[in-house]
Amino acid sequence: MGGSVGRVLMMLGVFTSDPDKVSVDSITLFVTLLCACIVIGHLLEENRWMNESISALFIGLGTGIVILLATKGASSRILEFDEELFFIYLLPPIIFNAGFQVKKKQFFRNFMTIMLFGAFGTGISFFIISF
């Protein structure tokens, strides 16, 4: 199966060494997967057993498997992770959304627990990284 998928994608010119085409392919794949996650998450809104995050996880897992099968296990440039993109553009909206949706009463009721987890987590991270 991996060879046939790979042959079809090679004929379509999906895997190429041209950096501009790789960039366009990556952005197109990202936007397509994002739209699929939003639509499937909306369709599964009433489902108790599978929420949006699980559907996004399975969509990403399936896409990664298809790309790895198509490239026959070779690392593909489309699967590269850019930390700068994540920390500058993707993480701030995630943190803002989490802070915006927090319920004040529950937050202040669990404030000491949150602070203890934060302090101990920072300490553990410090010791792991420094030694």
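Please verify whether region 116-130 includes one or more residues that are in a helix (DSSP H, G or I) and in contact (Cβ under 8 Å) with a residue 24 or more places away in the chain. Outline the logic, then answer.
Here is the first cut: in region 116-130, the ones in a helix (DSSP H, G or I) are 116-130.
Cutting the leftovers down to in contact (Cβ under 8 Å) with a residue 24 or more places away in the chain gives us none.
Scanning region 116-130, I find no residue that is in a helix (DSSP H, G or I) and in contact (Cβ under 8 Å) with a residue 24 or more places away in the chain, so the answer is no.
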remark   = Checked region 81-101 for anything outside any helix (DSSP H, G or I) and surrounded by 10 or more Cβ atoms within 10 Å (Cβ to Cβ); matches are ASP82
ask   = Within region 68-80, is there a residue that is under 18 Å from SER23 (Cα atoms), exposed (fewer than 12 other Cβ atoms within 10 Å of the Cβ) and of a type in the set (D, E, K, R)?
value = yes
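To keep it simple, each residue is scored yes or no on (1) modelled with pLDDT of 75 or more; (2) touching a Leu at 6+ places or on another chain (Cβ under 8 Å).
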| site | (1), (2) |
| --- | --- |
| GLY6 | no, yes |
| LEU9 | no, no |
| THR16 | no, no |
| LYS21 | no, no |
| ASP25 | no, no |
| MET50 | yes, yes |
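The values are calculated or read from the model by the stated rules, or taken from the named source; none is laboratory data. Predicted, not measured: the structure shown is a model, and the values here were computed from it. Ideal geometry is used to build each Cβ from the backbone, glycine not excepted, and the neighbour counts take in all protein chains shown.
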